[in-house]
Structures are given as C-alpha cells and as structure tokens.
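What follows is a single structure, written as structure tokens, with notes after it.
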Amino acid sequence: MSAEPVLRAVNLHKTYRGGLLSKAGAVRAVSGVSLELHAGETLGIVGESGCGKSTLARMLVGLEKPDSGEVTFRGRPFPARDVRRSVQMVFQDPLTSLNPRMTVQDLVSEPLQVHRLANGAPARRARVGELLDLVGLDPDRMNRFPHEFSGGQRQRIGIARALATEPDVIVCDEPVSALDMSVQAQVVNLLAELQRTLGVALVFIAHDLAVVRHVSHRVGVMYLGRVAEIGPATKVYGTPAHPYTSALLSAAPVPRPSLRGRKRIMLGGDPPSPVAPPPGCRFHTRCWKATAECSTQEPALEPVDDHFAACHHATRPA
Ligand code: ADP
Ligand code: MG
C-alpha cells in the first residue's frame, strides 16, 4: 500500500450551527477524520446513527465543504471539474435521491450531459442501455419511472447513475440500509462485483460491521465524529483493538464456532450528544476499560499491530 492513495482526507472537521439542535449548541458532526482510499479497494465505514458518516461522505465527494481539513483526489484538491466527475456518490434512499418525474433514461443520462460524455441523444441512449445492463436492469425499461421499480432495482438505478461518469471512486452512503434484508445481499454483491470488474474504489458506509464484512479490504469504525479504529478487515474483525469495535462485534451474531464462547459485551444506552461530546476519549462514558486518563486525555489514532486504534487501553496481541 505504498502507492499514492486515490482519495485522501486530512483532518476533516464539520460543525453544524442552526438546525434542529441549534438551541442546545453547535453539532460537532465530524471532528478530525483522516483516511486514505487506495485505487481499486473497498473501505468499509461503520458506526452508530449520528456518528457523522453521511457528513463525512458528503465531504469526500465534494457535496459539502469541511470547516477545516482537506480532501484530495490523486493529490489534487477539490473541486476541479474533472475531479467532480471522478468521485461519485450512491445515496441511502433511492426513493428520495431519484427525481420521481424523470424517466430512468433521463436519470442515468443526466450525468452524461452534465459532463458532456456522450454526444447526441442516440449515443446517450446507447450508453444508458449499457449502464443499465451493467447493474442488472433490463434496458428495455429505460422509459419507466422510478416508482415502477422495486427498492433494490431503484438502488441499481442510483448505482448506474454513479457509474455513468466512469468514476475512480464511488462513496456509497448506507446503500442497502433502506432495503429489505432479502435484497440487501444482492446489492452488496453487485457493488463488490462492480468493484472487481471495473476496478473502481469504493467507500462503503453501513450501520453495522456485518454488512461490510465480506466486501471490505479495510474497515474504519467511527464514534461520535472520530475514527476509533481503522485497518485491514482481517485485523479489525479478527483482533479488534478498540473496546468499541469489540462491543459492536460482540453484539452481532457470531458465525465462527471458535468465537462463540466469547463474552458478550453490551453497550449501554445511546451515544452521547454530538453537541457536547465527552472530554478526553469520547467513548469513555460507555467503556468498561476507562480509567481517569480516559476522561481527560483524547487518545490519538496510533498503530496497533498493522492497524490503527484511538484508545489508551488498546488491546495488543500477546
Ligand atoms: P450518520 O450518517 O452517521 O447518521 P450524520 O453525518 O448524518 O451521521 O450526522 C451527524 C450529526 O450531525 C448528527 O447529530 C446530525 O443530527 C447532525 N447533522 C447532520 N447534518 C446536519 C445538518 N445539515 N444540519 C444540522 N445538523 C446536521
Ligand atoms: Mg447517514
């Protein structure tokens, strides 16, 4: 992994002032996230609702400007026009992200027109057909409207739209969370297959670790606007270093018999409010390992056995 990353985020911060919680104070949605995405890899990002995943996603694709910090694409800052085209997004809810008054053909050809990628209506139509085929939809249905498709098919339309500009990176923000369980695996598999065949790099955001397990080369775990742990999937799932990761894993069904005896760790309550994150380590209020140091000293993301964890009591391999 010595090659230059295709996408790099350096110390991103985003605070929302105004909005629902404004009376209580500013919402610190993302507080110092740095990460790298390498060409052709899938980086899974997981964390509880409200931990800043969507805010991070929007900053990564240039839909939202960070208060501080920087996103670069192949070493160049956003948002140059060709960079815009190279980094695309798939949204959580295809029903609200697709204009219901546009046909599938119009929806998928819109990015082609915006970026002047196919000349003339016949060429655009042919390209839309190709893209629909690529995501497993019947090109003969391109004159239909989004509501005439199932949830899974609508998400495929969203994926076709993202693929239209032949991006190097697609940031998928909980692409299967709004779908029925039975359909989730199909869409996850489609993304994994596209990643392999097209070599596109994916950021795959999900609510829980189980969803991204089989498709991620690396995984990052977020907690209250920060990265708690990040590294190769085998390490994060196999030998988690951060107590929060251990808690998330132990709450999930455990398929491997060797791990069945493992003690279940229950996380108490909801995460604290991002309006007033706890001082020190943000996780200390829910952590069974916490000591005095944890409530005053914010832990840095440091290397632990090939991956990185932000914890004063990170589990180190024996
Ligand atoms: P996630 O995707 O992990 O659920 P979000 O990035 O959507 O998290 O939100 C992180 C925090 O920022 C939440 O507390 C959320 O309410 C707040 N937030 C997100 N977007 C806005 C916005 N546009 N205005 C005000 N607060 C926001
Ligand atoms: Mg979200």
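The values are calculated or read from the model by the stated rules, or taken from the named source; none is laboratory data. A quick note: this is a predicted structure, and the numbers were derived from the prediction, not measured. All Cβ positions, glycine included, derive from the backbone under ideal geometry; neighbour counts span all protein chains shown.
In table form, for the structure just shown:
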{"quantity": "Residue tally, condition at pLDDT below 90 and touching a Gly at 6+ places or on another chain (Cβ under 9 Å), over region 69-92", "calculated": "4"}
{"quantity": "When residues of region 284-318 are limited to those that are within 23 Å of Val10 (Cβ to Cβ) and in contact with a helix residue (DSSP H, G or I) (Cβ under 7 Å, 6 or more places away or on another chain), the one modelled with the lowest pLDDT", "calculated": "Asp306"}
{"quantity": "Search result, residues across region 231-246 that are more than 15 Å from the chain's Cα centre (by Cα) and part of a helix (DSSP H, G or I)", "calculated": "Thr234, Lys235, Val236, Tyr237, Gly238, Pro243, Tyr244, Thr245, Ser246"}
{"quantity": "Any hit, region 12-23, residues being within 16 Å of ligand 1 (Cβ to nearest atom), modelled with pLDDT of 95 or more, in contact with a strand residue (DSSP E or B) (Cβ under 9 Å, 6 or more places away or on another chain) and among the polar types (S, T, N, Q)", "calculated": "yes"}
{"quantity": "Pairs where the first residue, in region 268-279, is of a type in the set (Val, Ile, Thr) and the second is part of a loop (DSSP other than H, G, I, E, B) and surrounded by 12 or more Cβ atoms within 10 Å (Cβ to Cβ), C-beta under 9 Å, 6+ apart", "calculated": "Val275/Leu21; Val275/Gly25; Val275/Ala26"}
{"quantity": "Those helices (runs of 4 or more DSSP H) lying entirely in region 115-230 with at least 2 residues more than 19 Å from the chain's Cα centre (by Cα)", "calculated": "121-134, 151-163, 181-198"}
{"quantity": "Number of positions in region 40-95 that are surrounded by fewer than 23 Cβ atoms within 10 Å (Cβ to Cβ), more than 16 Å from ligand 1 (Cβ to nearest atom) and not in a strand (DSSP E or B)", "calculated": "14"}
{"quantity": "Sole exception among (1) out of contact with any strand residue (DSSP E or B) (no Cβ under 6 Å at 6 or more places or on another chain); (2) under 30 Å from His217 (Cα atoms); (3) away from ligand 2 (no atom under 16 Å from the Cβ) for Glu64, by number", "calculated": "(3)"}
{"quantity": "In region 108-129, residue nearest to Ile159 (Cα to Cα) [restricted to those that are aliphatic (A, V, I, L, M) and buried (at least 21 other Cβ atoms within 10 Å of the Cβ)]", "calculated": "Val108"}
{"quantity": "Selection count where residues are in contact with a His (Cβ under 9 Å, 6 or more places away or on another chain) and either surrounded by fewer than 24 Cβ atoms within 10 Å (Cβ to Cβ) or among the acidic types (Asp, Glu) (or both), scope region 194-222", "calculated": "3"}
{"quantity": "Selection status of Glu36, away from ligand 1 (no atom under 14 Å from the Cβ), outside any loop (DSSP other than H, G, I, E, B) and among the acidic types (Asp, Glu)", "calculated": "yes"}
{"quantity": "Cβ-Cβ under 8 Å pairs, at least 6 apart or on other chains, region 38-63 side without any contact (Cβ under 8 Å) to a residue 60 or more places away in the chain, far side more than 9 Å from ligand 1 (Cβ to nearest atom) and assigned to a loop (DSSP other than H, G, I, E, B)", "calculated": "Met59/Lys65; Met59/Pro66; Gly62/Phe78; Gly62/Pro79"}
{"quantity": "Those residues of region 292-318 which are touching a residue at least 24 places away in the same chain (Cβ under 8 Å) and part of a loop (DSSP other than H, G, I, E, B), in sequence order", "calculated": "Leu301, Asp305, Asp306, Ala310, Cys311, His312, His313, Ala314, Thr315, Arg316, Pro317"}
{"quantity": "Top-ranked residue in region 166-223 [being touching a residue at least 60 places away in the same chain (Cβ under 8 Å) and polar (S, T, N, Q); ranked as farthest from ligand 1 (Cβ to nearest atom)]", "calculated": "Gln195"}
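Listed here are the residues, each with its yes/no results for (1) in contact with a helix residue (DSSP H, G or I) (Cβ under 9 Å, 6 or more places away or on another chain); (2) within 26 Å of Val212 (Cβ to Cβ); (3) modelled with pLDDT under 95; (4) within 16 Å of ligand 2 (Cβ to nearest atom).
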{"site": "Arg127", "(1), (2), (3), (4)": "yes, no, no, no"}
{"site": "Asp138", "(1), (2), (3), (4)": "yes, no, no, no"}
{"site": "Phe145", "(1), (2), (3), (4)": "yes, no, no, no"}
{"site": "Gly158", "(1), (2), (3), (4)": "yes, yes, no, yes"}
{"site": "Ala162", "(1), (2), (3), (4)": "yes, yes, no, no"}
